[in-house]
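Contents: one structure, followed by commentary.
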Amino acid sequence: MPNAERRAPANDGLTLDSFRAPRSAFAMNSRTVKAGIFALAGLNSVATTYYFYYVYFFTQARFGFGRMENLVLAASLGFVYTFASIFCGRFAQRHGYFLSLRLGFFIMAVVLAVGSGIHSISGHVAAMIVCTVGMCFTWPTLEAMVSEGEPPTRLQWRVGIYNIVWATGGAFAYFTGGAMLEKLGLRSLFLVPSAMQFAQLALALWLEKMAAANGHLSAEENDTRTGHLELNSRHVGQARAFLKMAWLANPFAYLAINTIIAVIPSLAKELKLSPMFAGFFCSVWLFIRIGAFALLWLWPGWHYRFRWLIGAYAAMVISFALVLLVPNLPLLVGAQVVFGLAVGLIYSSSLFYSMDVGERRSEHGGFHEAAIGAGSCAGPAIGAAAMHFFPDASGNSAWAVSGMLIIGLAGLTWLRLRK
């Protein structure tokens with residue numbers, strides 16, 4: 001994290017130069033280009049949620065995967081995502097945002113189209129891995145493009161809109177994905193997202209032309225616009241400390257999220273829910289998360305407030321355990337309300353502090369996504385290991401992951417005391 005080591009001024013405060021954006025950033029600061037970036041984020045969320053959240057229903061239906069096999073699959077994809085995110089974030093920073101987007105959308109579109117005709121387990125696993133790498137070219141880049149060239153006082157606004165857009169896309173996809181599988185068949189899991197990725201590729205090419213047309217500002221105009229950046233009123237040391245805490249909390253949040261997503265097909269089977277009704281009842285937390293993002297977007301009082309972060313984390317641990325350990329439909333819905341609010345604040349913290357601390361936003365976006373990948377790998381891996389070593393224990397995977405989440409809570413507290 002080279003930028004995290006940036007030297008602070010002697011008084012450890014912030015100067016205007018700390019936030020002087022690169023001139024190329026203003027090419028993306030037109031309303032049309034920014035709106036297009038938000039559109040890409042929404043479409044990408046729908047497409048990737050369709051595939052990566054419902055692939056576990058696909059493996060259950062096509063190959064007979066149970067809870068343990070889906071957990072192993074989720075852990076494997078999370079492992080790939082962790083390292084690919086770091087590489088792709090750096091690639092976008094060094095070689096250009098639009099090139100990274102074109103690569104990502106093209107890779108996913110082609111792989112998904114080919115995947116619709118694959119029949120072997122090994123072929124599908126290979127397609128999932130390549131598609132995961134393709135996705136890593138998009139999310140760190142989109143996060144950076146949303147915040148690039150924005151003054152700190154407007155960053156909260158941009159990041160808030162971004163969170164609401166992609167969260168709405170994800171909630172819509174999970175709510176409707178089960179019905180899509182039932183009505184259109186298993187191949188729709190590949191063909192619908194593939195078509196959406198081709199559409200995103202076309203939109204990205206058009207936006208690149210728009211950005212180039214908007215990039216011909218004179219040096220004087222660039223300097224004028226840069227010189228009016230306002231500063232965020234917080235201490236550099238405090239900002240870095242909260243960034244570390246958020247980067248610890250967010251992978252643990254995704255540890256919980258991806259454990260739940262991987263076992264929902266098995267949970268739905270226990271509750272006698274079809275994929276369509278599983279989508280209806282198990283997408284509650286996704287819609288609640290949208291509300292959390294909207295609230296956090298409009299109200300900045302949670303910025304650099306530890307009690308909000310630690311409170312959300314504790315609520316996440318409790319609601320996670322209730323979702324997986326108590327097979328009761330009303331309780332499942334109620335626990336998801338708390339879970340959605342909690343992970344909404346944790347994710348917002350990680351992304352906001354990643355974008356608020358420093359200039360190399362694509363690299364920071366890559367680290368933010370890598371933290372998501374680490375959690376996405378660790379949670380399912382721990383759950384699968386618990387099922388392997390303690391096959392007769394009731395709720396083995398849920399208890400094991402809950403224990404890991406409690407360790408994360410202790411780590412978060414330690415970081416705060418250390419500060």
It is to be established whether one or more residues within the stretch 351-367 are closer than 19 Å to residue 238 by Cβ and at pLDDT 90 or above. no
Run down 301, 279 and say which single residue is over 30 Å from residue 245 (Cα atoms) and either modelled with pLDDT of 95 or more or open to solvent by less than 40 Å² (accessible area, probe 1.4 Å) (or both). 279
Checking residue 132 against (1) within 17 Å of residue 370 (Cα to Cα); (2) more than 19 Å from the chain's Cα centre (by Cα), which single condition isn't satisfied? (2)
Count - residues of the stretch 316-343 that are open to solvent by less than 10 Å² (accessible area, probe 1.4 Å), over 12 Å from residue 405 (Cβ atoms) and over 19 Å from the mean Cα position of the chain (by Cα): 3
Is the stretch 99-108 home to any residue that is touching a helix residue (DSSP H, G or I) at 6+ places or on another chain (Cβ under 8 Å), within 24 Å of residue 265 (Cβ to Cβ) and in contact (Cβ under 8 Å) with a residue 60 or more places away in the chain? yes
Do you know which residues across the stretch 109-125 are under 21 Å from residue 64 (Cβ atoms), free of Cβ contacts under 8 Å to residues at least 40 places away in the same chain and open to solvent by 50 Å² or more (accessible area, probe 1.4 Å)? 119, 120, 122
Given the options 129, 164, name the one that is open to solvent by 10 Å² or more (accessible area, probe 1.4 Å), under 22 Å from residue 289 (Cα atoms) and of a type outside the set (Gly, Ala, Ser). 164
Does the stretch 223-239 include one or more residues that are crowded, with 16+ Cβ neighbours inside 10 Å, of a type in the set (A, V, I, L, M), touching a helix residue (DSSP H, G or I) at 6+ places or on another chain (Cβ under 6 Å) and modelled with pLDDT of 75 or more? no
When you check residue 176 against the structure, is it of a type in the set (Val, Ile, Thr) and surrounded by fewer than 24 Cβ atoms within 10 Å (Cβ to Cβ), yes or no? yes
Condition first: modelled with pLDDT of 55 or more and open to solvent by 10 Å² or more (accessible area, probe 1.4 Å). Can you find one or more residues in the stretch 16-28 that meet it? yes
Six or more apart or on different chains, Cβ under 8 Å: which pairs go from a residue in the stretch 310-327 that's closer than 15 Å to residue 264 by Cα to one that's open to solvent by 20 Å² or more (accessible area, probe 1.4 Å) and in a loop (DSSP other than H, G, I, E, B)? Could you list them? 324/395; 325/395; 327/271
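The values are calculated or read from the model by the stated rules, or taken from the named source; none is laboratory data. Since the structure is predicted, the reported quantities are computational estimates derived from the model, not experimental observations. Cβ: placed from backbone, ideal geometry, glycine included. Neighbour counts: every protein chain shown. What goes into the accessible areas is simple: the full protein's heavy atoms, side chains included, and nothing from ligands, DNA or RNA. Shrake-Rupley method; radii C 1.70, N 1.55, O 1.52, S 1.80 Å.
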